[in-house]
Amino acid sequence: MTSPSIRSIALAGLLALGAPVAVLIAQNAPTPAPAVTPAALAPEIFFRAPANGATVGPTFPVVFGLRNYGVAPAGVRMSNTGHFHVLIDTEVPAAGVVIPGDSLHRHFGAGQIETTLTLSPGTHTLRLVLGDADHKVIGPALVSAPIRVTVRPR
Ligand SMILES: [Cu+2]
């Protein structure tokens, strides 16, 4: 910590150099917590890959994306965390409903953040859904926008 006398000397020197006083005051004031808008901290779930509208081979990589939320394996009860599900050509259950486990609802309960899917040729709609420790849909904010992919024939 700089002593007041040294700081005064430094201030006088900076003033002599034409430094703005307001900047010096701001630098010496306690730093308030940054004003963060709620939107900046809103959770967001999305596909990193494939891109919406992509044409892919029968077996293709899928990479999950998540911001302002955490990933934890199924069964782990920690606030603001969940695990990924890929929903294929099916609607998303309502918030609080357990996501079924079948070929249309793939669970990644080990906390995986990517996978490889093999789908039939044609166009498919994929959604990412974050589920809680009990595989329940957490809420609309943790359901991705749908993407459509076209799977080439073998
Ligand atoms: Cu699950």
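The values are calculated or read from the model by the stated rules, or taken from the named source; none is laboratory data. Only a predicted model underlies this, so the values are computations on that prediction, with no experimental measurement involved. So basically every Cβ, Gly included, is an ideal-geometry build from the backbone, and we count neighbours across all protein chains shown. Just so you know, the surface numbers come from the protein's heavy atoms only, side chains and all, with ligands and any DNA or RNA stripped out. Shrake-Rupley method; radii C 1.70, N 1.55, O 1.52, S 1.80 Å.
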| Among the numbered criteria (1) of a type outside the set (A, V, I, L, M, F, W, C); (2) over 13 Å from residue 45 (Cα atoms); (3) open to solvent by less than 30 Å² (accessible area, probe 1.4 Å), which single criterion is violated by residue 85? | (2)
| Residue check, residue 72 loosely packed, with under 13 Cβ neighbours inside 10 Å, hydrophobic (A, V, I, L, M, F, W, C) and under 17 Å from the mean Cα position of the chain (by Cα) | no
| request: Considering only segment 88-97, state which residues are surrounded by 13 or more Cβ atoms within 10 Å (Cβ to Cβ) and either closer than 12 Å to residue 130 by Cβ or touching a Lys or Arg at 6+ places or on another chain (Cβ under 8 Å) (or both). | output: 88, 92, 95
| request: Give, as residue ranges, the strands (runs of 3 or more DSSP E) completely inside segment 86-154 that count at least 3 residues that are within 13 Å of the ligand (Cβ to nearest atom). | output: 105-107, 122-131
| request: Could you grab the pairs with beta carbons closer than 6 Å, sequence gap of 6+ or different chains, first residue in segment 74-85 and over 16 Å from residue 139 (Cβ atoms), second one outside any loop (DSSP other than H, G, I, E, B) and within 12 Å of the ligand (Cβ to nearest atom)? | output: 74/83
| remark: Among residues of segment 10-66 being at pLDDT 65 or above and part of a helix (DSSP H, G or I), the residue farthest from residue 115 (Cα to Cα) is 38
